[in-house]
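For reference, the structure discussed in these notes is given below.
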């Protein structure tokens, strides 16, 4: 993050899919909180790729977890733009600390071993992000209503990063994403309209896992259609 770059600029650059989804949040305060959360998620996700050994990664993730633990105890935020933004946001610091803890598995360069571990990881990372967004946009949101969408998008991301079990063929990954999307379409019917941006990126999952990255125009069109129709 440069000296002149805002968190919104940062998220637009490093997580364009979620940034695009955030454009459909009408309330500026809620949109800002989602941007803060997404910047926090980025800070965690980039740790593993920015260190030369697992110990350094563990130290950095521990720093983030402890920063969230301090917020939960009512302490002043550490002097970091993302920590300060999260502290000012209407988000649960205990849940944020758990997100940091879940990222410790990123420090193991080996792919995730089996389906149970894949889904547990996705639920604790992409799933946690989606739950927090949905609850911020509408506190009545059922966390189970975002599970399938988060899993579909999370599986697509892990496929690009080559962290899925090596035995899974491309066809099997596509089938798993499709199955989660079918589940997501049913679950999303119970999601409040205001909370739909929490799951909208799942509309991009099938294209991402196919190995052809859609253009920004295509992404905008798919997300616009998804939010407008409430369908994935």
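The values are calculated or read from the model by the stated rules, or taken from the named source; none is laboratory data. Please read these numbers as outputs of a predicted model, since none were measured by experiment. Cβ sites come from the backbone with ideal geometry, for glycine too, and all protein chains shown count toward neighbours.
Of note:
- Residue 67 modelled with pLDDT of 95 or more, more than 17 Å from the chain's Cα centre (by Cα), surrounded by 17 or more Cβ atoms within 10 Å (Cβ to Cβ) and in a helix (DSSP H, G or I): yes
- Hey, residue 148 buried (at least 23 other Cβ atoms within 10 Å of the Cβ), within 25 Å of residue 179 (Cα to Cα) and over 12 Å from the mean Cα position of the chain (by Cα) or not: yes
- Qualifying residue in the stretch 212-221 (condition: over 18 Å from residue 23 (Cβ atoms) and either in contact (Cβ under 8 Å) with a residue 40 or more places away in the chain or over 19 Å from the mean Cα position of the chain (by Cα) (or both)): yes
- Of the residues making up the stretch 12-33, those that are over 24 Å from residue 213 (Cα atoms) and either in a helix (DSSP H, G or I) or in contact with a strand residue (DSSP E or B) (Cβ under 8 Å, 6 or more places away or on another chain) (or both) are 28, 29, 30, 31, 32, 33.
- Taken together, 17, 33, 8 contain a single residue that is in contact (Cβ under 8 Å) with a residue 60 or more places away in the chain and more than 13 Å from residue 96 (Cβ to Cβ), which is 17.
- Here residue 118 meets each of (1) surrounded by fewer than 23 Cβ atoms within 10 Å (Cβ to Cβ); (2) in contact (Cβ under 8 Å) with a residue 60 or more places away in the chain; (3) assigned by TED's automatic domain parsing to the domain that holds residue 183 with one exception, condition (2).
- The numbered conditions (1) over 19 Å from residue 13 (Cα atoms); (2) part of a helix (DSSP H, G or I); (3) modelled with pLDDT under 95 are all true for residue 58 except (3).
- Elements of type helices (runs of 4 or more DSSP H) contained in the stretch 119-232, each with 2 or more residues being under 27 Å from residue 30 (Cα atoms): 126-137, 147-160, 170-187, 216-229
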